[in-house]
Amino acid sequence: MYEQGVLDDEDVRVMLQGSSMVKVRSQRWQKNRSFKLLEDCVTVWCESSKTSRKAKTRQSFCVTEVECVREGCQSECLRRLVGSVPEAHCFTLVFRGGRKSLDLCSSSPDEAQCWVRGIRTLKDRVSNMSQKEKLDQYPSFGGRGTC
């Protein structure tokens, strides 16, 4: 079954345990955040102290909302920090639509690679599922292809 295959993936298991990473917006704006893949294996939750309704709706995202994952300091923001952050610890999630990209710096290169590979694996698995499989596995999809 789909879930079992996903749970056999070491990167996905790391994501399910969760990780503490630094969300980077600029040289000065860097905040610690906890990220965790939820049990549905498509939703990533981000712990934040923000309390606004908009912020609360942005505390999670579906892996299908991620257009691509860029490894290292490839984003404009992270390129400005080259030399002050270890490039192998960094990656960027680029989202579809108007949502801002998410620049992250993990505590180790291995942790960064787990998240990079894990998100790519989950995106690939969902994109290779039939519409019926998606609806059976994830009723929240409702035919839209996003959470």
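None of the figures in this text is laboratory data; all of them are computed from the coordinates on show. From a predicted model like this one, the values you see are computed outputs, not experimental measurements. No Cβ is skipped: glycine too gets one built from the backbone with ideal geometry, and neighbour counts run over all protein chains shown.
Quick notes on this one:
- The gain in end-to-end length when the residue 71 to residue 96 segment is fully stretched comes to 7.3 nm, 0.36 nm per residue minus the alpha carbon separation.
- You can think of it this way: the chain between residue 47 and residue 60 has 3.8 nm of extra reach, that is 0.36 nm per residue less the Cα-Cα gap.
- Inter-label distance, nm, simple model (7 Å from Cα along the C-beta direction), residue 39/residue 128: 2.6
- Local net charge near residue 117, Cβ-Cβ under 13 Å (Lys/Arg +1, Asp/Glu -1): -3
- Extension gain for residue 120-residue 26 works out to 31.3 nm (0.36 nm per residue, less the C-alpha to C-alpha distance).
- For residue 95, residues with placed amide H under 5 Å, excluding near neighbours: 67, 101, 102
- The phi-based Karplus calculation (6.51 cos²θ - 1.76 cosθ + 1.60; θ = phi - 60°) puts the 3J(HN,Hα) values of region 21-37 at 9, 9, 7, 10, 10, 6, 4, 8, 9, 9, 10, 6, 9, 9, 10, 8, 6 Hz, whole numbers, x for Gly and Pro.
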